[in-house]
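Read the figures in this text as sums done on the coordinates, not as results from a lab. The structure presented is a predicted model; accordingly, all values stated were derived computationally and were not measured. Methodologically, a virtual Cβ is constructed for each residue, glycine included, from the backbone with ideal geometry; neighbour enumeration extends over all protein chains shown.
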Amino acid sequence: MKDKKHIFIIIGVIVLVLVFVGLIILPFFLFRKTSAIPAQQQLQEQQTNEVSSTQTIDVGIFKSEDNGLTWQAKNTSAVSAEFAKQQSSGTGFAINNFAISDLAFDESSSTIMYLGTKGGGLWKTTNGGDLWKKLDDKNHVLESGADVLKIALNPNNSRMLYIAVFQQNRGRLLKSEDGGESFREAYFTPLERYGVFDAFVDRAGRVFIATGQGGYLESDDQGFSWSVKRWFADGLLRVIRDPNNSRVLYIQSARANLFRSLDYGASWADITPSFKSFKGAQSHQVFFVDPSSSALYLASDFGLLRSEDRGLSFKPVPLTIPPEALPVLSVASSPQNKNMLYISALNLMYKSADYGKSWSVLRPPGNKRIVMLKIHPLRSNVLFVVVSE
């Protein structure tokens, strides 16, 4: 009995020692290990955790490298401590916490792209979308929370870019000559509440903008001075260029009208009647010019229309989309193959390899609306889509 009693006493002592180690000594070592982490590393870990916790994985920007068969979310971002502090009381600062308004490719590189957001400013990636960097203007001209509506890169110098923004209750065109690190103001609308909605740079380096006041303006000195090409009665939303013929331009107005120029914008014709008879063709309009064939597409509540005579006439492209899934929200085609078409309608994606005669269904990256679809100009197997609520 004495031996058994001694055994129980020994076991009890061991248990007490283990409890003491677990409750007193072990936390001491853990605390010492944690406190040794540098403050900058702690901040980075905090930012990573906040991005992960606030990121909604079924919205944002997605990338496919196999012609739309599989998708990967590309919403990871890197931000300054100042921007992180600004967002700490909000919903976080992952890319998909902002509505994405434009995606622009640097055609001198297969990995550099720019992203415009509403309320989140301008972002840039140098690794194909794996990590987006928030661009903080060194000159403090571009506001951190600006609406960046359009991004236009100079085709002769990709480090020179122009962005159409809305900030301080006015539309503005900002210019950067260092890849978005700093900006200066190149234009602003004379009246408040009117935006600059589109901008592009042609091969000669001339800059063109379209404004909500109906102005189509040109600068031949990289944005230092401007001349009016034409004032339209409607506010202007977008300028659509024919990438194969710089003489051919289309302008979309806020009243769903379309104007065409065949002489660099010197004169314009209203070609709205060529599609107006198609029911729904003037609602939710998205115009697109095929880079390989110059065919003009119109996605809308009607479905999909195509013009092969520069907008003089349109014909329906037969679709397999159920009526309740309309409108068609985006359209894209391969830069190397006019027969390869992609469209989206609500949360559905379709692909055609025969110029729209037949369609196959692609698995979408999420169950929300696909509002933007773009094919990489240098890698036709690489697609990007923007999925929105």
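Taking each of LYS118/LYS357; LYS124/LYS229; LYS150/LYS229 in turn, the alpha-carbon distance tops 29 angstrom for LYS118/LYS357; LYS124/LYS229. With a cut-off of 14 Å between beta carbons, the residues surrounding VAL385 carry a summed charge of +3, where Lys and Arg count +1 and Asp and Glu -1. Candidate cross-link partners of LYS351 among the aspartates and glutamates, defined by an alpha-carbon separation under 17 Å and a same-chain spacing of 8 or more, comprise GLU65, ASP66, ASP290. Each other residue within a Cβ distance under 10 Å of VAL207 adds +1 if Lys or Arg and -1 if Asp or Glu, for a net charge of -2.
When only Cα pairs under 8 Å and 6 or more residues apart are kept, what is the percent relative contact order across segment 98-251? Mind showing how you got there, number by number?
Details: 412 pairs, mean separation 21.2, N = 154.
This gives 14 percent for segment 98-251.
Under the criterion of Cα pairs below 8 Å and six or more residues apart, the relative contact order for segment 222-288 equals 22 percent.
Quick one: net charge around PRO318, please, counting Lys, Arg +1 and Asp, Glu -1 for every other residue with C-beta under 12 Å from its C-beta. Walk me through the numbers on the way to the answer.
Numbers: positive: ARG306, LYS315, LYS357; negative: ASP354.
After counting each charged neighbour, the total is +2.
Cβ-to-Cβ counts within 10 Å put GLU107, GLU389 in ascending order as GLU389, GLU107, the fewest first.
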